[in-house]
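The values are calculated or read from the model by the stated rules, or taken from the named source; none is laboratory data. As the structure is a computational prediction, the values presented were derived from the model and not from experiment. Methodologically, a virtual Cβ is constructed for each residue, glycine included, from the backbone with ideal geometry; neighbour enumeration extends over all protein chains shown.
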Amino acid sequence: MGKITRSLEELVGNTPLFEPVRYEENHKLLSKVLVKLEWFNASGSIKARAALNMLVEAEKEGKIHPGDTIVEATSGNTGIALATFAAARGYKFKAFLEDGSSQERFDILKAYGAEPALQSDIPSIKALMDRDELSMDGIIEGVRNYSEEHGYYFINQMENEHNPEAHYRTTGPEIWDQTDGKTDIFVAMAGTGGTLLGTARYLKEKNPSLKVVGVQADEASRIGSGSGQDAIDGVAPFRNVPTRFTTPFMLNSGDQYDEVIEVSSLKASQTAKELLASDGLFLGSSAAGAFTAAEELALRPENAGKNIVVIAPDDGTKYMSLNLYK
Ligand SMILES: Cc1ncc(COP(=O)(O)O)c(C=O)c1O
């Protein structure tokens with residue numbers, strides 16, 4: 001039997017690049033929009049790439065040994081990916097989820113054998129929340145101190161260079177090969193910023209005139225906006241927001257993207273539903289947001305005939321409690 005896969009780690013990367021031709025026709029797009037289907041990674045999202053690379057490199061550097069406990073602050077996909085690969089390598093895994101995360105996310109992590117907790121369970125983070133002073137730095141510091149106190153290893157996707165490096169090593173080269181070196185515009189939303197920065201760095205080295213477009217949710221489509229609209233999940237804004245909410249990678253990355261497009265969750269939902277009907281493409285919420293921005297680019301006359309590559313971090317299955325497909 002020559003075609004049996006015995007480790008899920010072999011099923012990370014080499015995801016398809018899909019062109020929704022019917023949607024392109026229906027909307028008279030002037031460019032091709034090519035969607036990188038990242039739910040084809042083992043564990044179901046793009047975060048498999050970063051999680052596996054951070055784990056493997058920490059092992060190589062002697063920072064972790066089987067039996068150790070790994071800790072991460074995550075809203076979902078990184079947690080699921082770490083739970084998947086950590087267990088197989090003999091590690092325990094504890095995930096601190098954002099307050100307000102759905103019950104679904106706790107249940108999924110528990111099913112994977114991880115130990116989910118709330119960020120507000122850490123007293124220093126709770127104190128920041130109570131004073132309305134929560135920041136990325138505050139979360140990182142709180143989880144770092146908690147890990148040190150317990151002798152755990154904080155893998156820290158927000159600052160771990162092996163996160164963007166995974167995309168520099170794999171996502172970027174895959175896109176370049178799949179388009180035969182004809183990638184003109186690269187589009188992605190950002191959570192930690194690892195995908196956007198690592199992939200962009202590789203593609204820009206190959207094609208210095210490549211345009212990188214970062215996508216963020218508009219104000220009404222962010223967690224805690226009070227608009228009553230869904231938030232676009234798993235991502236953070238990085239332009240024109242107080243720096244305390246910006247991830248460390250995005251804070252120092254102004255030169256890596258050329259434009260920022262803001263999208264609304266309402267428009268993203270409309271796009272997602274149409275794509276599902278026209279091409280059977282079942283996008284998650286940040287994928288729908290990124291595709292919505294790619295469509296805007298594909299309607300600009302100056303982009304006629306170009307290839308736009310857009311990242312779809314996960315599919316729609318984890319978003320059924322939102323209005324994305326209602
Ligand atoms: C659904 C979803 N979209 C986008 C991202 C952004 O990925 P990155 O952290 O590489 O910026 C994440 C990250 O967790 C995610 O879960």
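Restricting the range 251-269 to residues that are aliphatic (A, V, I, L, M) and at pLDDT 90 or above leaves a set whose member that is farthest from the ligand (Cβ to nearest atom) is L266. With the condition kept exactly as written, say whether any residue in the range 281-302 is modelled with pLDDT under 95 and charged (D, E, K, R). Checked the range 281-302: no residue is modelled with pLDDT under 95 and charged (D, E, K, R). If you scan the range 205-233, which residues turn out to be in a helix (DSSP H, G or I) and buried (at least 19 other Cβ atoms within 10 Å of the Cβ)? Once the filter is applied, which keeps residues that are in a helix (DSSP H, G or I) and buried (at least 19 other Cβ atoms within 10 Å of the Cβ), the range 205-233 yields only S221. The condition of being assigned by TED's automatic domain parsing to the domain that holds G62, more than 30 Å from Y257 (Cα to Cα), acidic (D, E) and within 21 Å of the chain's Cα centre (by Cα) holds for only one of D107, D121, that being D107. Of the residues making up the range 272-326, those that are more than 15 Å from I232 (Cβ to Cβ), assigned to a loop (DSSP other than H, G, I, E, B) and not small (G, A, S) number 7. Listed by first and then second residue, the pairs with beta-carbon distance under 6 Å, at least 6 apart or on different chains, first residue in the range 168-184 and buried (at least 17 other Cβ atoms within 10 Å of the Cβ), second among the small types (G, A, S) and in a helix (DSSP H, G or I), are Y168/G198.
When the range 82-123 is examined, which residues are found to be over 20 Å from E148 (Cα atoms) and touching an Asp or Glu at 6+ places or on another chain (Cβ under 7 Å)? If the condition is that a residue be over 20 Å from E148 (Cα atoms) and touching an Asp or Glu at 6+ places or on another chain (Cβ under 7 Å), then F85 is the only one that fits.
Under the condition of being farther than 23 Å from S135 by Cα and free of Cβ contacts under 8 Å to residues at least 40 places away in the same chain, the residues counted in the range 95-107 number 2. Taking the range 184-206 as the range and being more than 6 Å from the ligand (Cβ to nearest atom) and of a type in the set (S, T, Y) as the test, the residues that pass are T199, Y202. Of the listed requirements (1) away from the ligand (no atom under 16 Å from the Cβ); (2) farther than 21 Å from T246 by Cβ; (3) outside the structural domain of P248 (by TED's automatic domain parsing), D180 misses just one: (3). Residues in the range 256-291 that are hydroxyl-bearing (S, T, Y) and touching a residue at least 40 places away in the same chain (Cβ under 8 Å): Y257, S264, S265, S269, S278, S285, S286. In the range 45-158, counting only helices (runs of 4 or more DSSP H) that sit wholly within it, the ones holding 3 or more residues that are within 15 Å of the ligand (Cβ to nearest atom) and closer than 30 Å to S7 by Cβ span 47-60, 77-88, 103-111.
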